[in-house]
Amino acid sequence: MAPIAEATYQNFVPGSLRLAGSGETRPGAWSAICELPGQGSRQPARAVTADLRFTGQDAFAASRPETVLFGGLNDPRLRLLKPIPLKVSREGERTRVSWVEADTAASGETLTCAMERFGTRLRSLFYELADSHSLDADRARLLEVLTRHVALRPA
Amino acid sequence: MSFDPIPSVAAMLVCDQIISEQGTNKKSLIGIFQRVQSPMFPVVIPRFGIYVKLLDVVGTIEFKLRIVKLDDETLLAEMAAPIKDQDPSQPTELAISLQNFQIPQPGKYEFQLYANDVYLHRATIDLVEWDAGGA
């Protein structure tokens, strides 16, 4: 069978190769070198001094609050318009977080694990409802609650 | 305190050192890690850094970093850093350097980032007891 396409390639070996400079042309090489200006952050560096407050070694403070404000959506296509209030409870060895208004919950081994799962659930729920063409009354109300907190990020 | 919208974390990494280049203010992260081995505990980590890149930072926000021991979710330490008047069209970078940080026991530890008391993101490291005399 005849080949349907031909490819050309070049093997590169360790070492360095001098590219053609300005005024010096070779077939297949750049005819001019463009020198980029200095690249850097457009924001000036600002050092902020912050105190690190240690809790006592004998009396570590519990970091399982009864409520937590959630902002970790972690989706570049979405933006959280306002924090989501979550109720925190224990289910045996697991931690459960629930958003009462939207009747949505998730659980995990730790509070942050539960919140990460809640974020995953929230994202899939938002996309599912936003992409639906027909919603019953309950799901339409849920979408209305979600869109008060979550929005698509402008392109 | 309220703000609109909620900042979003694009990256959060723990590393040995964060170098900020004078002039350009570019950050270089050296030795990104998530596991520390030690033959004994408590152990002091002489130096490490936490790098966070954020979007949608508008106005004045107090960022809080909480260091939590995961097995019983106890709070080891907490630091707060107010960030003022950022350009919302540009990402914001937090480069936090910590020195001589004492870790009491082996296990998983988490760096949890909050903005105005709203949970944003976490990075986890694993402290492992290493038997130097073992096979």
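The values are calculated or read from the model by the stated rules, or taken from the named source; none is laboratory data. A quick note: this is a predicted structure, and the numbers were derived from the prediction, not measured. Backbone-built Cβ (ideal geometry, glycine too); neighbour counts: all protein chains shown.
Do we find that B:I6 is at negative phi, in a loop (DSSP other than H, G, I, E, B) and β-branched (V, I, T) in this structure? Outline the logic, then answer.
On the way: at negative phi: yes; in a loop (DSSP other than H, G, I, E, B): yes; β-branched (V, I, T): yes.
It is true that B:I6 is at negative phi, in a loop (DSSP other than H, G, I, E, B) and β-branched (V, I, T).
The residue that is nearest to the chain's Cα centre (by Cα), counting only those in region A:129-155 that are part of a helix (DSSP H, G or I) and over 30 Å from B:P88 (Cα atoms), is A:L142. More than 20 Å from A:L73 (Cα to Cα), crowded, with 19+ Cβ neighbours inside 10 Å and more than 8 Å from every other protein chain (Cβ to nearest Cβ), is that true of B:Y109? Criteria met by B:Y109. Restricting attention to region B:36-52, the residues being of a type in the set (G, A, S) and either out of contact with any strand residue (DSSP E or B) (no Cβ under 8 Å at 6 or more places or on another chain) or closer than 13 Å to B:A123 by Cβ (or both) number 1.
Return the residues of region B:21-30 that are touching a strand residue (DSSP E or B) at 6+ places or on another chain (Cβ under 8 Å) and at the interface with another protein chain (Cβ under 9 Å from one of its Cβ atoms); say none if nothing qualifies. So that I can check it myself, show each step before the final result.
Taking region B:21-30 first, the residues touching a strand residue (DSSP E or B) at 6+ places or on another chain (Cβ under 8 Å) are B:21, B:26-30.
Residues satisfying the conditions are B:E21, B:K26, B:K27.
Of everything in region B:18-32, what is over 13 Å from B:V52 (Cα atoms), modelled with pLDDT under 95 and part of a strand (DSSP E or B)? Give them in sequence order. The answer is B:I19, B:S20.
Out of region A:94-117, which residues are of a type in the set (A, V, I, L, M, F, W, C), more than 10 Å from every other protein chain (Cβ to nearest Cβ) and part of a helix (DSSP H, G or I)? Residue satisfying the conditions is A:A114 alone.
Residue-wise test of (1) within 10 Å of another protein chain (Cβ to nearest Cβ); (2) over 17 Å from the mean Cα position of the chain (by Cα); (3) within 30 Å of A:R79 (Cβ to Cβ); (4) of a type outside the set (S, T, N, Q).
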{"site": "B:I32", "(1), (2), (3), (4)": "no, no, yes, yes"}
{"site": "B:L70", "(1), (2), (3), (4)": "yes, no, yes, yes"}
{"site": "B:T74", "(1), (2), (3), (4)": "yes, no, no, no"}
{"site": "B:A80", "(1), (2), (3), (4)": "yes, no, yes, yes"}
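Within this structure, B:Q86 passes the test of being on the phi < 0 side of the Ramachandran plot, buried (at least 18 other Cβ atoms within 10 Å of the Cβ), at pLDDT below 85 and within 8 Å of chain A (Cβ to nearest Cβ).
Only one of these is surrounded by 11 or more Cβ atoms within 10 Å (Cβ to Cβ) and either modelled with pLDDT of 70 or more or not polar (S, T, N, Q) (or both): A:L69, A:L36. Name it. Going through A:L69, A:L36 in turn, the sole match is A:L69.
So which residues in region A:62-82 are at positive phi and more than 9 Å from every other protein chain (Cβ to nearest Cβ), if there are any at all? Give the derivation first.
First pass over region A:62-82, keeping only residues at positive phi: A:74.
Listed by number, the list is empty, since nothing qualifies.
Is it the case, given these coordinates, that B:V9 is within 12 Å of chain A (Cβ to nearest Cβ), in contact with a His (Cβ under 8 Å, 6 or more places away or on another chain) and not aromatic (F, W, Y)? Against the criterion (within 12 Å of chain A (Cβ to nearest Cβ), in contact with a His (Cβ under 8 Å, 6 or more places away or on another chain) and not aromatic (F, W, Y)), B:V9 qualifies.
Of all residues in region A:83-93, one or more are in a strand (DSSP E or B), without any contact (Cβ under 8 Å) to a residue 60 or more places away in the chain, away from chain B (no Cβ under 11 Å) and not charged (D, E, K, R).
Test B:Y119 against the criterion of being more than 15 Å from B:Y51 (Cβ to Cβ), surrounded by 13 or more Cβ atoms within 10 Å (Cβ to Cβ) and at the interface with another protein chain (Cβ under 10 Å from one of its Cβ atoms), and give yes or no. Reasoning before the result, please.
Values: more than 15 Å from B:Y51 (Cβ to Cβ): yes; surrounded by 13 or more Cβ atoms within 10 Å (Cβ to Cβ): yes; at the interface with another protein chain (Cβ under 10 Å from one of its Cβ atoms): yes.
Spelling it out, B:Y119 is indeed more than 15 Å from B:Y51 (Cβ to Cβ), surrounded by 13 or more Cβ atoms within 10 Å (Cβ to Cβ) and at the interface with another protein chain (Cβ under 10 Å from one of its Cβ atoms).
Does region B:45-64 include one or more residues that are assigned to a strand (DSSP E or B), surrounded by fewer than 18 Cβ atoms within 10 Å (Cβ to Cβ), of a type in the set (A, V, I, L, M) and without any contact (Cβ under 8 Å) to a residue 24 or more places away in the chain? Looking through region B:45-64, none of the residues is assigned to a strand (DSSP E or B), surrounded by fewer than 18 Cβ atoms within 10 Å (Cβ to Cβ), of a type in the set (A, V, I, L, M) and without any contact (Cβ under 8 Å) to a residue 24 or more places away in the chain.
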